[in-house]
Amino acid sequence: MDTNKDAIQIDWEKKVDEKFEELLSVYTSSRHRKKVDIIAKAFNFARQAHKGVRRLSGEPYIMHPIAVALIACKEIGLGSTSICAALLHDVVEDTDYTTEDIENMFGPKIAQIVEGLTKISGGIFGDKASAQAENFKKLLLTMSDDIRVVLIKICDRLHNMRTLQSQPANKQYKIAGETLYIYAPIANRLGLNKIKTELEDLSFRYEHPEVYETIQRELASTQEKREQLFANFTDPIKKELDEMGYKYEIKARVKSPYSIWCKMQSKHLPFSEIFDILAVRIIFEPKTEDSENIDCFNIYLRLTQLYKSHPERFRDWIAHPKANGYKALHVTLMSKQGKWIEVQIRSKEMNEVAEHGFAAHWKYKNGDEITEDEDELNEWLKTIKEILDDPQPDAMDFLDAIKLNLFSSEIFVFTPKGEIKTMPAGCTALDFAFQIHTFIGSHCIGAKVNHKLVPLSHKLQSGDQVEIITSKSQYVQSSWVNFVSTAKAKAKIMAILRRNGREIQKKGEEIFSEWLKSNKLEMTTSILDKMCEVYDMHKPDSFFLALGEGKIKLDDSTLALVNGKKKKSGKGRQKGWLKYLPFIGHDKKEELQAESTSQGYFIVGKDFNKKKPVYISESNINQYVFPRCCHPIPGDDILGYIDNRNRIEIHKRACPVAARLKASYGNRILDAKWDMHKLLNFEATIHIKGIDRKGMLLDLSRVLSQQLDIYIRRITISTDNGIFDGTIEIRVHDRDDVKVIMENIKKIDDLQEVLQIM
């Protein structure tokens, strides 16, 4: 036995050495100054520090820091300081060594980066909401000290995602949720397009494995057609570029599974109707040092002589680069096969920036020090700092505010004096007002867009000229939060509202104290919890605010509730999941209601094993909470969430609320599975569209009622110029029923589109 253990140990030692040699090989072939000695020193130190420790996969722990360092060097292009910090990034967190030890051995710069990584090493998110917000603040603050901290953290997350299969399902959902919610947008903002795409696809793969595999199969089955289309489309382009004398490379870019899925969801389209799966990328070497911009336009002009261009799909990211440094020309051309194909025209340097982000811009001196030339990044960090000055007290609100600023879809608008301002797509006149100054935003009453008067909620378009109109009598209103889309505007509005709300809250607290005093009661935690439960408030502050605003009245029935004598009349809410099943027969519903009342919700205890999945069946479905945000039915990918009362909520994994919960309360996420036997009915909605004709409704009802014996709850149809559009609400046992129904409906003549509304 000992001989076998020794053989396994020797085998792992060999693999560790081989992996480190690969790292050195990649580093020495880069353009960085060759500081191999300090990298070897960091490797040997980390190897000794992590000796004997293994990951869940069984491999020695040191393989993880080496992999992170390799990603930092190979996929982002960082140098020796970053490589050393990556090798050492878990030493302070997981061993007895301190930051001072790192500084003494490797110097202050490496120690500073390792310290920044250690502060956030538990992931952005901990056990409590406040701790999560604080840790996330640390991540953003360390970014402004040295951006390499967050770059290495992204490398760390990428390797964790690549090895996620060794984790239990509940951890997979937590880590994938964090990744999709925060890390992928940060990678996108930093211009790390390849890493962003991989993070999204890996998250998608673990959250929706069946859908992921289906899309992969669809991509594989259509690959030959795409290759033929690519060849036919690019052969004439190659001849033109050769004639123009360029050195170039033409690549096919296939849309990622996650992007395809997002489009299928947002547009309610099947895979077969996603037409922009293939794009063409032209990467050329400029003819002279300063000609790359002109060369892009010359190539574009030649392409438009070959193919007709789409008038509304030309994007000039050269005159106006994205905030993450991205530059290119995008044009959509009609191929000879009748397919629209997007062509991206970039120089080699532009492509380097597109793939590796800001790191491709950075020039290093003194062994890895970054020069201060990333103006766009600094502008973004400045906005982040403004939000950090007055953070949301609630972690989920805080994360949402930051996340608003992580997307890089942009428009360009002009001030009355002609100054250009970069704003996120979908922003409003009010966003623009707050972007100029908080005072202007808080007193804004309207705007003139292209010299026409518009309301605060007016959405801006690229090229708009905007003049903000203010009034001293105007003040911030709570409804404003609903139509701003920038982090800065939302943070400022919330800060002002909180300031105003604190006064109202104080008034409510005084009212409650007086009421308790008049009824000879004392303010205790149990009484406050009871009040929050009765009035469906998440926390006492919300209760006091509602009381101060006069939305809640304290009377004799409230006193009876506090004393536990009776329930508030007429205010009872349906128990848990029952309110989502209005179609269950009356007798069955009463039976389930009685069972629910006697059993109550399942309460998570101290000995509950979070690593095991919870199984939902007909016999226990009443023990789980089904919130209003989504309506999962058997067959949907689901997860569980332990709420503040230790009950288990069931959400679709794709639910927007679930996305926030995975990112903010990862330790409360559970794996959940269906164990249903087609005994209960659930509501599903199918969207239909087609050519209007006599008998269409008759054919639909015949297929559903007679052929499939389906109970139709509601059909809504509207027609316009010979085209009908509508929805069918039906009762089914699970998603498989929905698929069968859709397959049969598709066979009806003149019915063009059949889509399931999730």
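The values are calculated or read from the model by the stated rules, or taken from the named source; none is laboratory data. Just so it is clear, the model here is predicted, and its values are computed rather than measured. Glycine gets a Cβ as well: all are built from the backbone with ideal geometry, and neighbour counts include every protein chain shown. We work out accessible area using only protein heavy atoms, side chains counted, and drop any ligands, DNA or RNA first. Shrake-Rupley method; radii C 1.70, N 1.55, O 1.52, S 1.80 Å.
The residue that is farthest from Tyr206 (Cα to Cα), counting only those in segment 649-663 that are open to solvent by 50 Å² or more (accessible area, probe 1.4 Å) and in contact (Cβ under 8 Å) with a residue 40 or more places away in the chain, is Arg660.
Within segment 244-260, residues that are closer than 24 Å to Tyr212 by Cα reach partners that are surrounded by 14 or more Cβ atoms within 10 Å (Cβ to Cβ) and among the aromatic types (Phe, Trp, Tyr) with beta carbons closer than 6 Å, at six or more positions or on different chains, in the pairs Ala252/Phe230; Pro257/Tyr212; Tyr258/Phe204. Each residue in segment 39-60 was checked for being open to solvent by 40 Å² or more (accessible area, probe 1.4 Å), in a loop (DSSP other than H, G, I, E, B) and not charged (D, E, K, R), and 4 of them qualify.
Name the residue that is surrounded by the fewest Cβ atoms within 10 Å (Cβ to Cβ), counting only residues in segment 188-221 that are among the basic types (Lys, Arg) and more than 16 Å from Glu355 (Cβ to Cβ). Don't jump to the end; show me each part of the working.
Within segment 188-221, the subset among the basic types (Lys, Arg) is 189, 194, 196, 205, 217.
Now restrict to residues that are more than 16 Å from Glu355 (Cβ to Cβ): 205, 217.
On the way: Arg205: 20, Arg217: 11.
Among those that are among the basic types (Lys, Arg) and more than 16 Å from Glu355 (Cβ to Cβ), it is Arg217.
One line per residue, one yes/no per condition, for (1) within 19 Å of the chain's Cα centre (by Cα); (2) closer than 27 Å to Tyr300 by Cα; (3) not acidic (Asp, Glu):
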position: Asp235; (1), (2), (3): no, yes, no
position: Lys238; (1), (2), (3): no, yes, yes
position: Glu243; (1), (2), (3): no, yes, no
position: Ser256; (1), (2), (3): yes, yes, yes
position: Trp261; (1), (2), (3): yes, no, yes
position: Ser266; (1), (2), (3): yes, no, yes
position: Asp276; (1), (2), (3): no, yes, no
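Among the conditions (1) in contact with a Phe, Trp or Tyr (Cβ under 7 Å, 6 or more places away or on another chain); (2) part of a helix (DSSP H, G or I), Ile650 misses just one, which is (2). Set side by side, the residues Lys539, Lys490 differ, and just one is farther than 30 Å from Ala425 by Cβ and open to solvent by 50 Å² or more (accessible area, probe 1.4 Å), which is Lys539. Of the residues making up segment 9-29, none is out of contact with any helix residue (DSSP H, G or I) (no Cβ under 7 Å at 6 or more places or on another chain), of a type in the set (D, E, K, R) and not in a helix (DSSP H, G or I). Within segment 735-753, residues that are assigned to a helix (DSSP H, G or I) have Cβ atoms under 9 Å from residues that are open to solvent by 100 Å² or more (accessible area, probe 1.4 Å) in these pairs: Asn744/Gln707, counting only partners at least 6 apart in sequence or on another chain. Condition first: open to solvent by less than 80 Å² (accessible area, probe 1.4 Å) and either among the aliphatic types (A, V, I, L, M) or farther than 19 Å from Ile552 by Cα (or both). Now tell me which residues in segment 493-522 satisfy that. Ile493, Met494, Ala495, Ile496, Leu497, Arg498, Ile504, Ile511, Leu516, Leu521 - these are the residues of segment 493-522 that are open to solvent by less than 80 Å² (accessible area, probe 1.4 Å) and either among the aliphatic types (A, V, I, L, M) or farther than 19 Å from Ile552 by Cα (or both). Taken over segment 463-484, the residue count meeting the criterion of being within 25 Å of Lys417 (Cα to Cα), open to solvent by 30 Å² or more (accessible area, probe 1.4 Å) and part of a loop (DSSP other than H, G, I, E, B) is 4.
The residue that is most open to solvent (accessible area, probe 1.4 Å), counting only those in segment 664-683 that are in a strand (DSSP E or B) and among the aromatic types (Phe, Trp, Tyr), is Trp674.
Residues in segment 633-648 that are open to solvent by 10 Å² or more (accessible area, probe 1.4 Å), farther than 17 Å from His538 by Cβ and within 21 Å of the chain's Cα centre (by Cα): Asp636, Asp637.
Only one entry of Arg735, Arg714 meets the criterion of being closer than 28 Å to Arg653 by Cα, under 37 Å from the mean Cα position of the chain (by Cα) and surrounded by fewer than 16 Cβ atoms within 10 Å (Cβ to Cβ), and that entry is Arg714.
Please find, within segment 225-259, the residue that is least open to solvent (accessible area, probe 1.4 Å) out of those that are small (Gly, Ala, Ser) and not in a helix (DSSP H, G or I).
Looking only at segment 225-259, we keep the residues that are small (Gly, Ala, Ser), and these are 231, 245, 252, 256, 259.
Subsequent filtering for residues that are not in a helix (DSSP H, G or I) retains 245, 252, 256.
On the way: Gly245: 55, Ala252: 56, Ser256: 13 Å².
Out of the qualifying residues, it is Ser256.
Selection of segment 186-223 for residues being under 13 Å from the mean Cα position of the chain (by Cα) and either among the small types (Gly, Ala, Ser) or at pLDDT below 85 (or both) yields Ile186, Ala187, Asn188, Arg189, Ser203.
Among the residues here, Ser701 does not qualify as open to solvent by 50 Å² or more (accessible area, probe 1.4 Å) and on the phi < 0 side of the Ramachandran plot. Pairs linking a residue in segment 86-105 that is touching a residue at least 40 places away in the same chain (Cβ under 8 Å) to a residue that is in a loop (DSSP other than H, G, I, E, B), with Cβ atoms under 6 Å and 6 or more positions apart or on different chains, are Val91/Tyr97.
Any chance you could count how many residues in segment 248-266 are touching a strand residue (DSSP E or B) at 6+ places or on another chain (Cβ under 7 Å) and either within 26 Å of Glu207 (Cβ to Cβ) or not small (Gly, Ala, Ser) (or both)? Steps first, answer last, please.
Taking segment 248-266 as the starting set, the residues that turn out to be touching a strand residue (DSSP E or B) at 6+ places or on another chain (Cβ under 7 Å) are 248-254.
Applying the additional criterion that residues be either within 26 Å of Glu207 (Cβ to Cβ) or not small (Gly, Ala, Ser) (or both) yields 248-251, 253-254.
Going through segment 248-266 one residue at a time, the tally reaches 6.
Conditions: (1) in contact (Cβ under 8 Å) with a residue 60 or more places away in the chain; (2) among the aliphatic types (A, V, I, L, M); (3) farther than 23 Å from Ala176 by Cβ. Leu192 meets all but one. Number of the miss? All conditions pass for Leu192, except number (3). So which residues in segment 284-318 are aliphatic (A, V, I, L, M), closer than 27 Å to Lys336 by Cβ and open to solvent by 50 Å² or more (accessible area, probe 1.4 Å), if there are any at all? The one that is aliphatic (A, V, I, L, M), closer than 27 Å to Lys336 by Cβ and open to solvent by 50 Å² or more (accessible area, probe 1.4 Å): Leu301. Quick check on Ser513: is it among the small types (Gly, Ala, Ser) and out of contact with any helix residue (DSSP H, G or I) (no Cβ under 9 Å at 6 or more places or on another chain)? For Ser513, the condition - among the small types (Gly, Ala, Ser) and out of contact with any helix residue (DSSP H, G or I) (no Cβ under 9 Å at 6 or more places or on another chain) - is met.
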